[in-house]
Amino acid sequence: MNKGELKAEIANAIPKLLGMVKENCINILSENLVYIISEIKETNLKPDLERKRRIKENKTKSPLSFEEAVLRLLDLYDNLYDINLVIYKAEKKRTIIEIRYYPKSSLSETFRESVVEKSPMLHCKIALPIYHKEKKFDVNWEHNSFAHKWNEITYRKKLQKEIDAIKNGG
């Protein structure tokens, strides 16, 4: 996608993201969509600590309209390598979509040289809890809801029973 197509490409991807949530999650999403923008940063943190760091950082951000978010991305366009659309939080009166981007400047110098002229990639993603294959889940699970904690505990107990059964010969 070139710079002139960025707005339309993101607009076309949003229904795909919302469809992924509808297919996999129990939430009914508000049609009042707002956006936050985050840089994807390389860290050595464990995934759960990285998630907590990201959530803490995002709590300080003021949501933007679609137009404002696109304008900010257009300012960054020449340095965009990858753009990910994810649901940050589904609230009763609004759905916050996080637009995460990975800058070309974060790539190794040799790889950056090979992609400097390439357009950014665009992906829709939903974060998956460990029990996602068992049932539909709350899209807000990353915010550590009681339901998520309960589902995680029951799933881990089920796995442990299966492991114990295998160890005991069947």
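Of all residues in segment 153-168, those being under 20 Å from D48 (Cβ atoms) and either surrounded by fewer than 10 Cβ atoms within 10 Å (Cβ to Cβ) or of a type in the set (D, E, K, R) (or both) number 2. Within segment 72-89, residues that are at negative phi and of a type in the set (F, W, Y) reach partners that are modelled with pLDDT of 95 or more and in a strand (DSSP E or B) with beta carbons closer than 7 Å, at six or more positions or on different chains, in the pairs Y81/Y102; Y81/P103; Y88/I36; Y88/I96; Y88/I97; Y88/E98.
Of everything listed in (1) free of Cβ contacts under 8 Å to residues at least 12 places away in the same chain; (2) of a type in the set (S, T, N, Q); (3) over 16 Å from R100 (Cα atoms), the single unmet condition for T60 is (3). Scan segment 30-50 for residues that are over 17 Å from A11 (Cα atoms) and buried (at least 16 other Cβ atoms within 10 Å of the Cβ) and the total you get is 1.
Condition (residue is touching a residue at least 60 places away in the same chain (Cβ under 8 Å), outside any helix (DSSP H, G or I), open to solvent by less than 20 Å² (accessible area, probe 1.4 Å) and under 24 Å from I130 (Cβ atoms)) applied to segment 8-23: is it met by at least one residue? There is no residue in segment 8-23 that is touching a residue at least 60 places away in the same chain (Cβ under 8 Å), outside any helix (DSSP H, G or I), open to solvent by less than 20 Å² (accessible area, probe 1.4 Å) and under 24 Å from I130 (Cβ atoms).
Residues in segment 133-152 that are open to solvent by less than 50 Å² (accessible area, probe 1.4 Å), assigned to a loop (DSSP other than H, G, I, E, B) and of a type in the set (S, T, N, Q): 2 in all. Annotation note: of K92, K61, the sole residue that is farther than 30 Å from G4 by Cα and of a type outside the set (A, V, I, L, M) is K92.
Of E9, E67, E50, all but one fail to be out of contact with any Phe, Trp or Tyr (no Cβ under 8 Å at 6 or more places or on another chain), closer than 22 Å to Y81 by Cα, modelled with pLDDT under 95 and not aliphatic (A, V, I, L, M); the exception is E50.
The values are calculated or read from the model by the stated rules, or taken from the named source; none is laboratory data. Bear in mind that the values here come from a model prediction, so they are computed numbers and not experimental data. FYI the Cβ positions are ideal-geometry reconstructions off the backbone, even for glycines, and counts take in every protein chain you see. Surface areas here come from the heavy atoms of the whole protein model, side chains and all, with no ligands, DNA or RNA. Shrake-Rupley method; radii C 1.70, N 1.55, O 1.52, S 1.80 Å.
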